[in-house]
Amino acid sequence: MSDTPFAAFRAVPRTGVIYVTTEAQKLGFRYGAEGWCNLGQGQPETGPLPDAPARIQSLSILTDDQEYAPVPGLWELREAVAGMYNELYRRGMPSKYSAENVSISGGGRVSLLRAAAALGTVNLGHFLPDYTAYEELLDVFRLFSPIPILLDPARGYEFTAGEFEREVQGRGLGAVLLSNPCNPTGRLVGGEALRRWLSVAREYDCSLLIDEFYSHYIWNAAPGTEAPMESAARYVEDVDRDPVVIFDGFTKNWRYPGWRITWTVAPKPVIEAVASAGSFLDGGGSKPMQRAACEVVSAEHARAETAAIQKVFRRKRDLLLGRLKALGVRFDRDPDGGFYGWGSVAGLPAPYNTGLGFFRAALERQVITVPGEFFDVNPGKRRLGRASRFRDHVRFSFGPEERVISTALDRLEAMVRG
């Protein structure tokens with residue numbers, strides 16, 4: 001029986017960010033409205049940053065840009081993406097990405113949706129906690145079986161290559177989906193650890209579907225080193241044989257979320273499959289936006305933008321974590337990457353000691369956060385229980401401008417301290 005007024009339609013749950021902004025709108029929140037502090041937002045600030053490349057303010061649209069773009073994307077943009085990955089991560093390596101290893105999509109969820117639609121009858125592992133939008137994505141398609149893998153907060157959500165290998169063997173995993181760095185915990189699998197993960201995937205033919213949308217927001221590099229970027233592309237041996245599928249785009253690392261330009265980088269047969277899925281799912285992305293994107297998809301631009309991001313966002317990270325810790329919020333791990341703090345409010349006085357209680361009280365002070373239970377990814381609500389294991393957690397974004405974060409922290413301090 002349908003939960004909507006129309007028998008043909010089911011009730012579709014909202015992702016965490018959509019839920020919290022919808023609740024805030026009931027109290028007067030509107031995007032761009034003065035007075036509100038959105039620490040729930042999943043986008044970075046999009047204005048100019050010191051020493052960053054100039055922001056694009058206008059676009060020219062050619063006559064043939066009024067036509068459909070090819071479903072896999074404009075060839076010149078696919079070439080640019082492949083060339084950028086080769087320059088950033090594959091210098092001196094014999095196997096190189098080409099345009100045929102790249103598919104362009106109209107947003108991060110679309111790229112993930114195409115990949116999910118192209119999966120066969122496999123066990124698909126996914127981690128808890130992880131990105132809220134994965135939940136419905138993993139429930140829509142019925143060929144594959146979602147298998148949850150619980151990470152331990154007491155270990156800072158660490159998960160070794162050896163543990164990965166045991167999961168692949170024990171649960172018969174044919175694929176694993178993860179965000180890296182993780183949204184919401186900020187845990188990063190990088191360097192030699194990531195290399196070992198790829199070795200396991202290669203040995204057992206277990207496809208790694210890696211959401212790298214935060215891969216330029218890295219905080220655990222040694223001071224004074226070049227602004228780090230991490231990608232599984234660095235550890236792929238053969239671009240057409242290794243079972244590694246990478247998702248990234250303009251949303252976070254280029255700070256152009258409104259462009260809805262993302263890409264999938266993978267072996268050619270996978271790209272053919274996801275492009276075929278795109279032909280019936282979405283029909284392809286915006287042609288004018290893809291043409292404009294060609295101007296800024298380059299290793300040089302990526303390095304300059306990343307260096308600017310890391311200077312500004314590191315300061316915001318330290319501000320957010322420092323003041324929330326002083327308030328009594330406990331962090332299982334300081335984020336290695338991304339622009340979120342994942343904190344437990346269990347030690348705060350009631351009613352602020354649960355994610356939902358904290359969220360409701362903060363809304364009254366025009367501060368938006370995201371309760372942790374939204375990241376307890378549970379496709380189809382197959383795991384039953386009275387309460388989420390992350391009911392005491394909250395995700396705090398340091399994506400907004402610093403002045404917004406400071407104002408929000410002032411309000412949260414006044415709220416908790418009474």
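The values are calculated or read from the model by the stated rules, or taken from the named source; none is laboratory data. This one's a predicted model, so the numbers in the text were calculated from it and none came from an experiment. Quick reminder, even Gly has a Cβ in these numbers, built from the backbone with ideal geometry, and neighbours come from all protein chains shown.
Data overview
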| read-out | value |
| --- | --- |
| Total residues in the range 369-391, condition surrounded by 23 or more Cβ atoms within 10 Å (Cβ to Cβ) and farther than 16 Å from Arg317 by Cα | 6 |
| Count of residues meeting criterion [more than 25 Å from Ser406 (Cα to Cα) and touching a helix residue (DSSP H, G or I) at 6+ places or on another chain (Cβ under 7 Å)] in the range 16-55 | 1 |
| Test: residue in the range 124-134 that is assigned to a helix (DSSP H, G or I), modelled with pLDDT of 95 or more and small (Gly, Ala, Ser) | no |
| Index of the failed condition, Gly347 passing every other in (1) touching a Cys at 6+ places or on another chain (Cβ under 7 Å); (2) over 26 Å from Gly35 (Cβ atoms); (3) of a type outside the set (Phe, Trp, Tyr) | (1) |
| Breaking point among (1) touching a residue at least 12 places away in the same chain (Cβ under 8 Å); (2) part of a loop (DSSP other than H, G, I, E, B), for Glu413 | (2) |
| Matching residues, the range 297-312, being assigned to a loop (DSSP other than H, G, I, E, B) and of a type in the set (Gly, Ala, Ser) | Ser298 |
| Which listed residue, of Gly42, Gly16, is surrounded by 14 or more Cβ atoms within 10 Å (Cβ to Cβ), farther than 20 Å from Leu409 by Cβ and of a type outside the set (D, E, K, R) | Gly16 |
| Selected residue [among the hydroxyl-bearing types (Ser, Thr, Tyr), out of contact with any strand residue (DSSP E or B) (no Cβ under 6 Å at 6 or more places or on another chain) and modelled with pLDDT of 95 or more] from Ser199, Ser179 | Ser199 |
| Unmet criterion (only one of (1) without any contact (Cβ under 8 Å) to a residue 12 or more places away in the chain; (2) in contact with a Lys or Arg (Cβ under 9 Å, 6 or more places away or on another chain)) for Tyr256 | (1) |
| Given (1) among the hydrophobic types (A, V, I, L, M, F, W, C); (2) within 30 Å of Val404 (Cα to Cα); (3) under 21 Å from the mean Cα position of the chain (by Cα), number of the condition Val274 does not satisfy | (2) |
| Options Arg315, Arg333; residue that is within 20 Å of the chain's Cα centre (by Cα), surrounded by fewer than 18 Cβ atoms within 10 Å (Cβ to Cβ) and of a type in the set (D, E, K, R) | Arg333 |
| Some residue of the range 191-204 being touching a Pro at 6+ places or on another chain (Cβ under 9 Å) and closer than 21 Å to Phe396 by Cα | no |
| Condition check for Ala201: surrounded by 16 or more Cβ atoms within 10 Å (Cβ to Cβ), within 20 Å of the chain's Cα centre (by Cα) and within 26 Å of Thr251 (Cβ to Cβ) | no |
| Flag if Gly73 is in contact with a strand residue (DSSP E or B) (Cβ under 6 Å, 6 or more places away or on another chain), surrounded by 16 or more Cβ atoms within 10 Å (Cβ to Cβ) and closer than 30 Å to Arg314 by Cα | no |
| Residues that are farther than 15 Å from Ala326 by Cβ and assigned to a helix (DSSP H, G or I), drawn from the range 398-410 | Glu402, Arg403, Val404, Thr407 |
| Residues satisfying the stated conditions in the range 313-342, i.e. in a loop (DSSP other than H, G, I, E, B) and either under 20 Å from Glu212 (Cα atoms) or not charged (D, E, K, R) (or both) | Gly328, Val329, Arg333, Asp334, Pro335, Asp336, Gly338, Phe339 |
| Test: Gly343 is crowded, with 20+ Cβ neighbours inside 10 Å, assigned by TED's automatic domain parsing to the domain that holds Leu409 and not basic (Lys, Arg) | yes |
| The range 206-242: number of residues that are charged (D, E, K, R), out of contact with any strand residue (DSSP E or B) (no Cβ under 8 Å at 6 or more places or on another chain) and modelled with pLDDT of 95 or more | 6 |
| Condition broken by Ile56, with the remaining ones in (1) buried (at least 17 other Cβ atoms within 10 Å of the Cβ); (2) of a type in the set (A, V, I, L, M, F, W, C); (3) closer than 20 Å to Pro257 by Cα satisfied | (1) |
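Okay, residues lined up against (1) closer than 23 Å to Gly249 by Cβ; (2) over 24 Å from the mean Cα position of the chain (by Cα); (3) not in a helix (DSSP H, G or I):
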site	(1), (2), (3)
Val20	no, no, no
Glu34	no, yes, yes
Ile56	yes, no, yes
Pro70	yes, yes, yes
Gly83	yes, no, no
Asn86	yes, no, no
Tyr97	yes, no, yes
Val110	yes, no, no
